[in-house]
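Beneath this line is the structure, given in structure tokens, with notes to follow.
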């Protein structure tokens with residue numbers, strides 16, 4: 001259950017200052033003389049509706065459909081007895097009788113004038129259109145959309161069967177409990193409308209910022225909307241979580257997509273049911289929605305099939321000027337990547353170079369956002385000779401470029417160039433996320449080809465080794481959906497990076513999607529400059545062949561840890577043969593690369609593994625400089641059960657960068673005089689193509705899709 005419930009009711013006057021405000025706010029909304037009789041009439045109808053819904057739920061045990069109907073009916077009846085003159089014509093207006101003075105006053109207080117009605121009706125229609133754009137899919141025959149829908153339909157069929165066979169009484173009890181809570185909420189709302197203080201039946205979960213505006217608590221109408229929605233949310237999600245007779249994969253898929261829908265229809269996402277947006281609309285004369293529509297139009301032009309909502313001010317950043325500014329030179333370029341060598345910041349550097357392999361679904365400059373949190377600059381200051389791969393943003397012409405190509409023309413070629421420039425036969429290599437997957441496959445390939453000594457040490461950041469539990473990403477991983485992705489890839493040549501970015505945002509939909517929807521389109525606010533979010537939106541395409549390999553061979557079939565099951569570039573992958581010294585860092589709250597999947601490196605690699613578990617998530621936990629606020633956990637005994645390891649791990653209140661710095665010193669050998677990019681180890685000039693951050697990093701995803709080649 002996501003939200004916090006309380007069954008008792010209190011007349012506690014601790015919020016006494018708000019009591020007067022709440023009563024003043026509601027005096028203009030209620031005719032208290034007719035209110036009591038209206039409530040009794042509606043209560044009788046609600047009891048009848050409850051019995052009817054009970055009978056329906058026994059015949060058709062679909063908690064999503066039934067409970068959503070209960071909520072919709074609840075909203076309808078609530079609006080009837082809270083504002084009868086607004087929601088429908090009163091009996092007096094349908095006859096020749098003149099309403100009494102009090103009724104006239106009530107009607108005048110509650111019914112908007114005609115011009116306001118028309119304007120607000122137009123604005124409400126606009127809001128609905130904006131909301132509809134969120135799920136616009138472009139081509140209606142999208143293989144991926146169809147596969148996801150079919151999976152969801154199959155899931156509901158299995159769920160219904162499970163309810164019917166295993167736990168029909170449990171579902172009925174849950175729905176009756178929901179109705180009892182809704183009726184209690186009605187009574188609480190009546191008391192609050194009369195000026196009494198009541199304790200909430202349910203409160204938003206910790207960290208839920210959708211209902212922070214005071215009117216969500218002070219105004220009885222919006223307080224009712226909030227609590228009724230939260231009760232319905234928990235009722236539906238609990239039904240899915242507690243029903244017997246369905247497999248966990250189906251339960252996970254139903255839970256994810258149902259959560260997506262319920263969070264999409266939250267009252268905070270609509271003009272008429274969001275008090276803060278209503279207030280802004282009144283104060284600005286609707287200009288907030290005009291600005292919102294302008295921003296929506298701009299975002300739609302830059303979106304793929306699903307709306308990519310702008311999270312930051314894109315115009316505030318210039319690569320190489322105020323972001324990704326660490327000085328360096330591009331010293332090599334081929335069709336797959338540019339290799340950047342950075343200027344040293346100290347006189348003496350490690351003789352053994354450091355090569356960083358970033359993921360190819362985002363750009364490398366997450367490691368160089370600004371000076372104070374730049375890993376690249378920190379590594380330079382620590383005395384490393386730093387080289388970084390900047391991957392190409394693939395065009396449709398890269399359709400057949402595979403993981404093998406990324407190894408041969410990418411990582412292995414980069415190692416060759418680094419060797420030529422530095423004269424060193426090996427390098428310390430860091431792989432981040434999917435870049436780490438490439439590094440692990442390359443280590444195994446090098447081992448099988450008797451070339452393991454080309455990499456002196458391997459460091460993995462947020463890299464999965466065991467894909468058996470990929471978290472919420474698992475809802476997209478099944479044979480049907482993978483086949484659909486492959487068909488789409490064959491048709492398009494690449495997987496649109498904007499779609500992947502939107503999908504990742506929906507893993508944390510309330511904080512990474514819907515809050516920006518409300519902020520940008522309903523409030524009409526411009527996003528503020530934020531370097532991390534700028535990088536997050538600067539995504540890249542993924543080639544069809546590469547995407548298919550990762551989804552099918554790694555995520556679906558989990559062949560990375562199965563000895564000899566994965567054939568790659570002419571060898572059978574066996575990580576147990578890899579003996580390269582290894583450092584692995586994962587993060588506790590990573591929702592993309594679950595830490596337990598990274599921990600399995602301690603079980604499957606044949607090398608001496610140091611595993612560190614950092615605090616925070618996929619980005620903030622990794623890009624955590626010594627001045628950062630997150631610590632990490634360590635324990636030298638790597639037992640099979642990651643939970644057992646974690647229970648014994650000790651926390652260190654410092655950045656894991658410092659811990660890695662101590663570890664890497666044992667793999668950096670001698671110190672030598674630093675050397676400037678453009679000069680090789682013999683003192684001869686080496687070709688410099690351009691300044692860092694290079695040219696490939698500037699290519700946006702839409703530009704790559706329009707291009708034939710780069």
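The values are calculated or read from the model by the stated rules, or taken from the named source; none is laboratory data. Owing to the predicted nature of the structure, the values given are computational and were not obtained by experimental measurement. Ideal geometry is used to build each Cβ from the backbone, glycine not excepted, and the neighbour counts take in all protein chains shown.
Worth pointing out:
- Considering the range 228-286, the residues that are closer than 29 Å to residue 469 by Cα and in contact with a strand residue (DSSP E or B) (Cβ under 8 Å, 6 or more places away or on another chain) include one that is surrounded by the fewest Cβ atoms within 10 Å (Cβ to Cβ), namely 234.
Rundown of residues vs (1) over 29 Å from residue 604 (Cα atoms); (2) out of contact with any strand residue (DSSP E or B) (no Cβ under 6 Å at 6 or more places or on another chain); (3) crowded, with 24+ Cβ neighbours inside 10 Å, yes/no style:
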| residue | (1), (2), (3) |
| --- | --- |
| 431 | no, no, yes |
| 459 | no, no, yes |
| 471 | no, yes, no |
| 479 | no, yes, no |
| 482 | no, yes, no |
| 485 | yes, yes, no |
| 493 | yes, yes, no |
| 499 | yes, yes, no |
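- Note on the range 370-405: residues that are within 18 Å of residue 655 (Cα to Cα), surrounded by fewer than 20 Cβ atoms within 10 Å (Cβ to Cβ) and in contact with a helix residue (DSSP H, G or I) (Cβ under 8 Å, 6 or more places away or on another chain) amount to 2.
- Checked against (1) over 23 Å from residue 662 (Cα atoms); (2) under 33 Å from the mean Cα position of the chain (by Cα); (3) crowded, with 22+ Cβ neighbours inside 10 Å, residue 439 passes all but a single condition, namely (1).
- Filtering 501, 436 for residues that are touching a residue at least 24 places away in the same chain (Cβ under 8 Å), part of a helix (DSSP H, G or I) and over 30 Å from residue 213 (Cα atoms) leaves a single hit, 436.
- Condition check for residue 413: free of Cβ contacts under 8 Å to residues at least 40 places away in the same chain and more than 24 Å from residue 538 (Cα to Cα): no
- Test result for residue 305, surrounded by fewer than 22 Cβ atoms within 10 Å (Cβ to Cβ), more than 18 Å from residue 155 (Cβ to Cβ), touching a strand residue (DSSP E or B) at 6+ places or on another chain (Cβ under 7 Å) and not assigned by TED's automatic domain parsing to the domain that holds residue 181: no
- Residue selection: residue 536 satisfies the criterion of being outside the structural domain of residue 650 (by TED's automatic domain parsing), surrounded by fewer than 20 Cβ atoms within 10 Å (Cβ to Cβ), touching a residue at least 40 places away in the same chain (Cβ under 8 Å) and closer than 17 Å to residue 434 by Cα.
- Number of residues in the range 652-678 that are surrounded by 11 or more Cβ atoms within 10 Å (Cβ to Cβ) and farther than 25 Å from residue 344 by Cβ equals 2.
- When 564, 524 are checked against the criterion of being outside the structural domain of residue 253 (by TED's automatic domain parsing), surrounded by fewer than 18 Cβ atoms within 10 Å (Cβ to Cβ) and either at positive phi or in contact with a strand residue (DSSP E or B) (Cβ under 8 Å, 6 or more places away or on another chain) (or both), a single residue qualifies: 564.
- Flag for residue 195 being more than 14 Å from residue 268 (Cβ to Cβ) and surrounded by fewer than 20 Cβ atoms within 10 Å (Cβ to Cβ): yes
- Only listed residue being part of a helix (DSSP H, G or I), at pLDDT 90 or above and over 18 Å from residue 573 (Cα atoms), chosen from 473, 441, 415, 446: 415
- Complete set of residues in the range 324-350 that are surrounded by 16 or more Cβ atoms within 10 Å (Cβ to Cβ) and either over 13 Å from residue 694 (Cα atoms) or not assigned by TED's automatic domain parsing to the domain that holds residue 455 (or both): 336, 343, 344, 345, 349, 350
- Verdict on residue 464 being buried (at least 23 other Cβ atoms within 10 Å of the Cβ), over 16 Å from residue 355 (Cβ atoms) and not assigned by TED's automatic domain parsing to the domain that holds residue 255: yes
- Within the set 512, 546, 507, 551, the sole residue that is over 27 Å from residue 263 (Cβ atoms), in a helix (DSSP H, G or I) and either at pLDDT 95 or above or not assigned by TED's automatic domain parsing to the domain that holds residue 476 (or both) turns out to be 546.
- Among residues that are in the same structural domain as residue 614 (by TED's automatic domain parsing) and crowded, with 16+ Cβ neighbours inside 10 Å, residue 701 is included.
- Just one of (1) assigned to a helix (DSSP H, G or I); (2) in contact (Cβ under 8 Å) with a residue 24 or more places away in the chain; (3) in the same structural domain as residue 179 (by TED's automatic domain parsing); (4) touching a helix residue (DSSP H, G or I) at 6+ places or on another chain (Cβ under 8 Å) fails for residue 255. It is (2).
- Candidate set: the range 370-395, residues that are in a loop (DSSP other than H, G, I, E, B) and either modelled with pLDDT under 95 or within 14 Å of residue 459 (Cβ to Cβ) (or both); chosen: the one nearest to the chain's Cα centre (by Cα): 370
- Cβ-Cβ under 6 Å pairs, at least 6 apart or on other chains, the range 147-171 side closer than 20 Å to residue 242 by Cβ and assigned by TED's automatic domain parsing to the domain that holds residue 232, far side surrounded by fewer than 13 Cβ atoms within 10 Å (Cβ to Cβ) and at pLDDT 70 or above: 166/244; 167/244
- Condition check for residue 547: touching a strand residue (DSSP E or B) at 6+ places or on another chain (Cβ under 8 Å) and more than 30 Å from residue 653 (Cβ to Cβ): yes
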